[in-house]
Amino acid sequence: MTMKLLTVLVFLVVCFAYYGFCEKLSYSGYKIIRTYPENEEQWEAVRSWEERGVDLFSGNREYANLLVPPQLLGKLNESMIENGIRTSVEVEDVKRIIDMEKVNEDKIVEGRLEWDRYYTLADVHQFLEDQAAIHNTIASTFVVGMTYEGRNMTAIRISKSGETRPAIWIDANIHAREWITGAVCTYIIDQLLNSNETEIQSWLDDYDFYILPITNPDGYEFTHTTDRFWRKSRSHNGSPVNCMGTDLNRNFDFHWMENGGASSNPCSNTFAGTAPFSDSEAASVRDFLTSISSRLVFYLSLHSAGQYILFPTGFDATPIPQYNTYMSIGNLAAEAHGVRHGTNFTAGSVYNLMYTATGSSMDWTWSALGANLTLTYELRDKGEFGHLLPPDQIYPSATEFMDGLKVIIAELSNGIPDVDP
Ligand SMILES: [Zn+2]
């Protein structure tokens, strides 16, 4: 029996026997340890800890951050020393940072959000309904699909009347624990509907926007009720040991499960699902994007963290035909993102900057639908807080994001060539 399973079983027994419901995991005593493997053997040694109850939390080609329970800290440390792997403590007290997060407890009135706190799924959906009602000549909500647990994947369409226009799709929180992404996404919606800036308002003359702030509602709800670090969907995935969920961003049909870009282990955080589009959330996004594919010009997916502007592919190092165009747009956007607070974004392909990742929504949209521009963002930060970005960074993240989005949409409007000139 693996440590992870043991932890889950103990947790379930405590849940049902003592509380009759699932008490929230406190993460008391957990640390985030950064490891710097320098060769394939050392990477293997780091990865092997996933089987033993350690969450491979985030990272790139240079380091991996591990979320380590208190009972494993000593053993992990010994193993790293034995294998000659350099480490540093990234977050000393995970619980303290979780406690700093502020989740809204007020009633949403007339679709007004504050970008100094995080919101529950119900609040975000209320925001969408209210904003659509207030701006009913240009905005309406629609349901992209149903989740495994039967929740609506509610999105908003912002489109001036008259002819249909080229379409821009934005999604966030396909990874449940990346709360900053849904928060920035609601800010984009707010700006499209409520900003007085002529530049932003002019986008609505040229484009129709389709925006899905919480792409993984089951997982997002679970991060609020039970486990702050849940990443995947909440589907039963055939695991004999009852591990749950699929990494929805490995479940799309682009080199699915090839090249080590996802995991076949249902207990892993990068489990690719039982087949391409085995999870309803991924299949629903596919179906909706396909329905607007003839006019889809820009696909944007928001993730955290690391401050990267990423483009296809995550499969291998082969540059896409628009590599230089993407690099130049990414670099221009990065410059704009940095103006307000000096935040440093880096542009590049997923494979070059991050790691091998196959079956992502962006790569599938790029290859199957041929959208002119497909980008994935890793928002703030670069590791200090990671997925637990403190609420006082939400507004700065959102406003600096808009600065770069302006540059990207200006480039889009100038025309993106299919092949580098
Ligand atoms: Zn993510």
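The figures follow:
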{"read-out": "Only one of THR290, THR215 that is surrounded by fewer than 20 Cβ atoms within 10 Å (Cβ to Cβ) and among the hydroxyl-bearing types (Ser, Thr, Tyr)", "value": "THR290"}
{"read-out": "Residue that is farthest from the ligand (Cβ to nearest atom) [pool: residues in segment 218-234 that are assigned to a loop (DSSP other than H, G, I, E, B) and in contact with a Gly (Cβ under 8 Å, 6 or more places away or on another chain)]", "value": "ARG234"}
{"read-out": "Some residue of segment 323-331 being modelled with pLDDT of 95 or more and within 16 Å of the ligand (Cβ to nearest atom)", "value": "no"}
{"read-out": "Matching entry among LEU302, LEU289 (being closer than 30 Å to SER26 by Cα, modelled with pLDDT of 95 or more and assigned by TED's automatic domain parsing to the domain that holds SER328)", "value": "LEU302"}
{"read-out": "Within segment 138-209, strands (runs of 3 or more DSSP E) holding 1 or more residues that are within 16 Å of the ligand (Cβ to nearest atom)", "value": "167-172"}
{"read-out": "Residue, surrounded by the most Cβ atoms within 10 Å (Cβ to Cβ), within segment 235-253, restricted to residues that are more than 20 Å from ARG52 (Cα to Cα) and within 16 Å of the ligand (Cβ to nearest atom)", "value": "ASN251"}
{"read-out": "Whichever residue in segment 254-272 is more than 16 Å from the ligand (Cβ to nearest atom) and in contact with a Lys or Arg (Cβ under 9 Å, 6 or more places away or on another chain) and, among such residues, is nearest to TRP230 (Cα to Cα)", "value": "CYS267"}
{"read-out": "Members of segment 244-270 that are part of a loop (DSSP other than H, G, I, E, B) and within 21 Å of ASN173 (Cβ to Cβ)", "value": "GLY245, THR246, ASP247, ASN251, PHE252, PHE254, ALA262, SER268, ASN269, THR270"}
{"read-out": "Some residue of segment 400-412 being surrounded by fewer than 19 Cβ atoms within 10 Å (Cβ to Cβ) and free of Cβ contacts under 8 Å to residues at least 12 places away in the same chain", "value": "yes"}
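The values are calculated or read from the model by the stated rules, or taken from the named source; none is laboratory data. Computed from a predicted structure; not experimentally measured. Every residue, glycine as well, gets a Cβ built from its backbone with ideal geometry; the counts of neighbours run over all protein chains shown.
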